[in-house]
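A short write-up of the structure that comes next.
Throughout, read-outs are computed from the coordinates displayed, never taken from laboratory work. This one's a predicted model, so the numbers in the text were calculated from it and none came from an experiment. Cβ placement follows ideal geometry from the backbone for every residue including glycine, while neighbour counts extend to all protein chains displayed.
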Amino acid sequence: MRPVTSGIPSVLARALFGRGRARWRRFLLRALLYRPVRRMRARGRRGRAARLGVTTLVVANAYGRNVPPELASFFSNVERLGAGRLRLVFVNGWASRADRDEERTVLEDLARGMADLGWVGARAIGPVFGIRSLEPVLAPFLFPSEEAVRRFVSTAPLAPMLKPLREARIEGLALLPGGMRLPFGITEPLLGPETWQGKVIRTHASLTGEASIRALGATPVLRAARELAAGPPPGVDGMDLHPAAVAGRNYPGWLTCNVPLWPRLLLVAGNQDSFQRLSSANRAVLMEAARRATAALSDRHRPARLTCPSQCAACT
């Protein structure tokens, strides 16, 4: 029996009913259904959390159930400084696990006002919005260590780098360090430039990161969380990972732990309209939470020297 498609545009009909169109069907279902589902989830969480005299902010968390520990101080500062009048509600798993560019999803939804707050890698701003103000601090080999990144973030004036985000309806609130990304070889160690030639490297969408990988003669690709869950993704020769991710994924391979490629900088941002609608007192809470989280970086003790794991390519 042939499906009746006379009332459906031919491209849509072929996509939905044609044989061998699984990719089209997945694309259309995500485009037509998934964003409204996220919007409904955010509204539902906001409604259930509503309290008289309390402002509720929906936070888009792309990954899992927890935010990275590097961001915990900012969000705990908001709760503490808000003193009960400002409440954060996290919508976890904001992006689908099949989404290869989950940070784009979070930023585009944040700019549309589907969430009030969210966090992404700072690298995502360039490819999503074409804003390059954060690119200089993502340059390869600029920082020799995470400690150097902490010193920079805690002392440098960050406002000029965050202000251009307003062009995209995004209010940059905090920029916090989350370690260094290192070469991780899956098929063989990634050491000198010659070992990168012809390799396929899984990374995140990043103007500077992708250009650097291409400059080394390799090809950058994106892979979704679902593709990474079962082990190293097929057809990928290496990744840029921070040590905690290497330990968490437990992939077989070689970590070049003496080559810090670029910093893993985490951006906490808000929808600009949502931010402006807040009372001046609540806006001050968010800004003070960011200031305290950044100031705390300089108060921390010098981090312990990274102990190279048994799979470290530089030591084997």
Magnitude of the Cβ-charge dipole (Lys and Arg +1, Asp and Glu -1) of the stretch 28-299 about the Cα centre, nearest 20 debye, reported as 1300 debye
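Name the shape class, rounded, prolate or oblate, that the alpha-carbon gyration tensor gives for the stretch 28-299, where a ≥ b ≥ c are the square roots of its eigenvalues, rounded holds for a/c under 1.5, and otherwise prolate holds if a/b is larger than b/c and oblate otherwise.
On the way: a/c = 2.02, a/b = 1.49, b/c = 1.36.
Since a/c reaches 1.5 and a/b is larger than b/c, the shape of the stretch 28-299 is classed as prolate.
With a sphere of radius 11 Å drawn around the Cβ of I125, what net charge do the other residues whose Cβ falls strictly inside it have (Lys, Arg +1; Asp, Glu -1)? Walk me through the numbers before you get to the answer.
Details: positive: R104, R123, R132; negative: E103, E135, E167.
Residues close to I125 contribute a combined charge of 0.
For T56, T105, T155, which order do you get if you count the other beta carbons within 10 Å of each Cβ and list the fewest first?
Working: T56 16, T105 24, T155 12.
Sorted ascending by nearby Cβ count, the order is T155, T56, T105.
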Given the candidates A98, P144, M114, the one whose Cα lies deepest towards the positive end of the charge dipole of the stretch 89-185, counting +1 at each Lys or Arg C-beta and -1 at each Asp or Glu C-beta, is P144
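Expressed as a rounded percentage, what relative contact order does the stretch 28-299 have, with Cα pairs under 8 Å and six or more residues apart? Spell out each step's value before the answer.
Working: 486 pairs, mean separation 69.2, N = 272.
Once normalised by length, the contact order is 25 percent.
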Fewest to most Cβ atoms within 10 Å: I125, I213 sort as I213, I125
Residues S279, S73 in order from fewest to most other beta-carbon atoms within 10 Å are S279, S73
Note, A229: beta-carbon cut-off 14 Å, +1 each Lys/Arg, -1 each Asp/Glu, net +3
